[in-house]
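Trainee: What follows is a single structure, and I will ask about it in a moment.
Here, each number is a calculation from the coordinates, and none is a lab measurement. Just so you know, these numbers come straight off a predicted model, no measurement behind them. Ideal geometry is used to build each Cβ from the backbone, glycine not excepted, and the neighbour counts take in all protein chains shown.
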Amino acid sequence: MKLKQHIIALAAAAVVGGSASASFAATEIQWWHAMGGRLGEVVGEIADKYNASQSEYKLVATYKGGYEDTMTAGIAAFRAKNAPHIIQVFDAGAATIINAKGAVYPVADLLKEHGVGFNSNDYISGVRYFYADSDDKMIGLPFNSSTPLLYYNKAALDKAGVEAPKTWEDFEAIAPKLKEAGYEALAQSHSPWIFSENFHSRHNIQLASANNGYDSTDAKIMYNNEHMIMHWTKVKEWLDKGWYGYYGKAWGDNQDAFVQGKVAMWLGSSGSFGGLKKSAKFEFGTTYLPYWKSIIDEPKGTFIGGAALFSFVGHSDEEYKGVANFFEFLTSPESQFSWHKETGYVPITTAAYDLAKTEGYYKDTPDAEVGILQLSQPGGEWTKGYRLGYYVQIREAMYKAYENILTGNSSVPDAFADMEKESNALLERFHDTYN
């Protein structure tokens, strides 16, 4: 009898144990991202580390293609009421997802309402506002964040007997010497980001009406201004003098010109640092994005490029607790420092930056700190970024205008007038669509 009772007790315990296991099954959190190649591998490593750190939630990271493909897939899934919990959206697409009324759960609210807490001052100054609303509430969580930097070939500058320029006036003084030494002085990748958006931030110039688009979708582009016309007139002069190399609109083609030693300096992303360390066969340095002393005495900080993580609405409270828990893990100093070292993207919090300094990372790799220092420079009224709809298409209009300038198919004033007309038509259409 005792044996029979013991067997029954064991069976009951097994049933209860099985029910308990079922009730404590991990809540799944879907994260759609746009990181391919090695960056995608690092994202997978982040997911694995997070899942190993706790048992309540299971994070599933899924590559959905490039930035535009990922955003398109996310919007389609949201309309079909099957959206992921987290989606990575790039800088130029931020206005689309933020202005889709009721589509996303602002990260500041999500974290506060699910036990994590949120303080925007925890984030580096050049990071905290780009994905925020006009009241500075953070809507998306900055993820892969970078800023434009000047990379320079140390041997090339030594051969010419010059130092890296701080201003564009300095550049004009050293460019002839670099040419004489056998180099084109400069190439750059992504003219809209570097020679337009961050040109305005560096010089504290307004780039669009309605508070750079943060206050309203009813905005007008303001790139057609005297400072931009002056700068691009100079760029064309530099090209004609053999000081500036233009290798097309593709990012990699201009970066390759630097890696191959054709150009002495290259304007690229702080996020390119890790890749350049592997591909460049020469010693290089980094410095701040130059500015025109004739426009501003003391330059302002730049703002970020890259992408942020947004959380779609429509999920359960338990799932949002998981999203908040993951965001807490992702923004921890240890996670951000690891991401910074592995990829070259900047850590988004001051605590992670402090950890990198405490660990002595910048003593061995001082160039890895330059992007953070630039983002931490004093800001101004027009340095937090922009919020403009159909900006992917606006960037294409900008590329077209700049190529027309550099190929001589258009004068600088005419190219900017065309850009303004095309950009404002896109902004008007976006306003009509989202209102």
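Trainee: Could you pull out the pairs from K241/K363; K357/K384; K236/K363 whose alpha carbons sit more than 28 Å apart here?
Mentor: Working: K241/K363 39 Å; K357/K384 25 Å; K236/K363 39 Å.
Over 28 Å Cα-Cα: K241/K363; K236/K363.
Trainee: Show that you can apply the helix-only estimate: for the chain, add -39,500 (n - 2.57) for every DSSP H stretch of four or more residues, divide by all residues, and state [θ] at 222 nm to the nearest 500. Walk me through the intermediate numbers first.
Mentor: Details: 20 runs with 212 residues, N = 435.
Taken over the chain, the calculation gives -14500 deg cm²/dmol.
Trainee: OK, next. Ignoring GluC sites (Glu not before Pro) that are buried or in helix or strand per DSSP, and keeping those with at most 16 other beta carbon atoms within 10 Å, what is the longest stretch of the chain between them?
Mentor: For GluC sites (Glu not before Pro) (loop position, at most 16 other Cβ atoms within 10 Å), the longest site-free span of the chain is 164-282.
Trainee: Still on this model: Can you give the net charge of the other residues whose Cβ lies under 15 Å from the Cβ of F282, counting K and R as +1 and D and E as -1? Intermediate results must be reported in sequence, preceding the final value.
Mentor: Working: positive: K154, K159, K262, K277, K278, K281; negative: D158, D256, E283, D367.
Local charge sum for F282: +2.
Trainee: Next up: For region 37-54 and region 320-370, what is the separation of their C-alpha centers, rounded to whole Å?
Mentor: Rounded to whole Å, the Cα centres lie 15 Å apart.
Trainee: Which one, V323, S279, F310, projects farthest toward the positive side of the charge dipole computed for region 259-358 from Cβ point charges (K/R +1, D/E -1)?
Mentor: Working it through, the farthest residue towards the positive pole turns out to be S279.
Trainee: Here's a follow-up. Within region 124-183, count lysine pairs with alpha carbon atoms under 24 angstrom apart where the residues are 8 or more positions apart or belong to different chains. Can you show the working numbers first?
Mentor: Details: K154/K166; K154/K177; K154/K179; K159/K177; K159/K179; K166/K177; K166/K179.
Qualifying lysine pairs in region 124-183: 7.
Trainee: Can I ask one more? Quick check: net charge around A25, other residues with Cβ under 14 Å of its Cβ, Lys/Arg +1 and Asp/Glu -1?
Mentor: Working: positive: K58; negative: E28, E56, E318, E319.
Here the charged neighbours net out to -3.
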